[in-house]
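The values are calculated or read from the model by the stated rules, or taken from the named source; none is laboratory data. Computed from a predicted model, the values in this text were never measured in an experiment. All Cβ positions, glycine included, derive from the backbone under ideal geometry; neighbour counts span all protein chains shown.
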Amino acid sequence: MKKTGFCVLLLLTLMHYEPIVAQNKPEPQPMIFAIAEKDPVYRLGYDSWIQYLAKNLDTGLPFKKGAPQKTYKVIIQFIVEKDGSITDIKPLTKEGYGMEEEAIRVITTSGRWMPALQHKVIVRCFKKETFVFSEENIFAAYLKRYPAANIPADSLTPPLPGIVTHPDKDALYPGSPDGWVSFLRHNLNEAIPAKNGATKGVYRVRIQFIVDMDGTVSDIRPVTFEGYGMEEEALRVIKKSGKWNPAIIDGKPVKSYKVVPITFFESKSPA
């Protein structure tokens with residue numbers, strides 16, 4: 001009898017049981033890197049980005065709208081997706097006079113970028129770009145001072161032959177990273193921004209150059225516009241650095257591009 005009662009109870013329980021319908025959960029988005037081993041870059045690199053800005057950014061826009069005559073810097077953050085497309089474009093500054101909108105327009109129309117790499121795997125990554133607005137188009141002036149010998153005039157065509165952009169092993173300063181840090185500590189004049197009136201903050205300049213198969217360095221040029229003499233000081237230090245260990249592909253040295261960041265810390269505001 002007890003067994004019969006148990007079966008009836010079980011049957012009633014099953015009759016009232018409503019199966020839980022599986023809900024469709026959204027696929028988790030791949031993580032977004034703040035910094036990757038190889039940052040996302042515009043098409044063929046920094047030179048082609050400067051070319052694009054020189055042709056497309058209206059650097060005189062704020063003055064047409066009544067802004068005081070001075071140099072303005074606008075910073076835009078965005079995400080470079082795995083397929084090189086641009087998403088989530090946001091201004092990080094509020095200079096006004098249409099500058100943020102103009103910078104966003106230029107980013108939006110820039111097309112696909114070269115995505116970031118982490119352990120040789122393509123990843124999503126944040127990117128920040130600085131846009132300088134001044135009476136003189138400093139991007140056009142840059143191209144006059146540093147002719148784009150590294151790449152063809154048409155930035156959509158392949159890179160010039162013989163210069164590698166993604167080697168198996170990057171070119172390195174001898175004894176890197178400790179050797180490079182020690183060299184900077186003994187040779188970089190960190191007081192340069194203060195002497196030139198820079199405000200308190202952290203400034204990160206980047207210098208691009210070519211390291212030949214024998215380690216010699218050539219075609220040194222800045223790829224940032226922080227000012228206050230910092231790019232000039234970084235150029236001086238790179239020229240003084242001597243020979244580097246060349247990049248490697250399949251165990252053999254190759255001629256390659258190299259971009260190094262150099263950081264200046266300014267702890268005091270100008271008097």
Which pairs turn up if I take residues in the stretch 53-74 that are of a type in the set (Phe, Trp, Tyr) and look for partners that are at pLDDT 90 or above and surrounded by 13 or more Cβ atoms within 10 Å (Cβ to Cβ) with beta carbon separation below 7 Å, at least 6 apart in sequence or on another chain?
Tyr72/Pro62; Tyr72/Glu95; Tyr72/Met99; Tyr72/Phe133
Given the residues Phe264, Phe183, Phe209, which is the only one that is out of contact with any strand residue (DSSP E or B) (no Cβ under 8 Å at 6 or more places or on another chain) and surrounded by 17 or more Cβ atoms within 10 Å (Cβ to Cβ)?
Phe183
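Considering only residues that are part of a strand (DSSP E or B), of a type in the set (Ser, Thr, Tyr) and either more than 22 Å from the chain's Cα centre (by Cα) or farther than 25 Å from Gly197 by Cβ (or both), which ones fall in the stretch 225-271? Full working, then the answer.
Within the stretch 225-271, the subset part of a strand (DSSP E or B) is 245, 247-249, 252-254, 256-266.
If we keep only those that are of a type in the set (Ser, Thr, Tyr) too, we end up with 256-257, 263.
Within the stretch 225-271, Ser256, Tyr257 qualify.
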Got a sec? Which of Gly201, Gly229 is at pLDDT 85 or above and among the small types (Gly, Ala, Ser)?
Gly229
If we keep only residues of the stretch 233-261 that are of a type in the set (D, E, K, R), exposed (fewer than 14 other Cβ atoms within 10 Å of the Cβ) and in contact (Cβ under 8 Å) with a residue 12 or more places away in the chain, then the residue farthest from Glu190 (Cα to Cα) is Asp250
Residue that is farthest from Asp58 (Cα to Cα) [pool: residues in the stretch 72-125 that are of a type in the set (S, T, N, Q) and out of contact with any helix residue (DSSP H, G or I) (no Cβ under 8 Å at 6 or more places or on another chain)]
Gln118
Checking Met230 against (1) in contact with a Pro (Cβ under 8 Å, 6 or more places away or on another chain); (2) surrounded by fewer than 14 Cβ atoms within 10 Å (Cβ to Cβ); (3) under 28 Å from Gln51 (Cα atoms), which test does it fail?
(2)
Every residue in the stretch 200-258 that is among the aromatic types (Phe, Trp, Tyr) and farther than 18 Å from Leu172 by Cβ, please.
Tyr203, Phe225, Tyr228
So, of the residues in the stretch 139-163 that are touching a strand residue (DSSP E or B) at 6+ places or on another chain (Cβ under 9 Å) and crowded, with 19+ Cβ neighbours inside 10 Å, which turns out to be modelled with the lowest pLDDT?
Asn150
Residues Val181, Val202, Val211: which one is touching a residue at least 24 places away in the same chain (Cβ under 8 Å), closer than 18 Å to Val259 by Cβ and of a type in the set (Val, Ile, Thr)?
Val211
Which ranges mark the strands (runs of 3 or more DSSP E) fully within the stretch 77-134 that have 1 or more residues being crowded, with 17+ Cβ neighbours inside 10 Å and among the aromatic types (Phe, Trp, Tyr)?
121-133
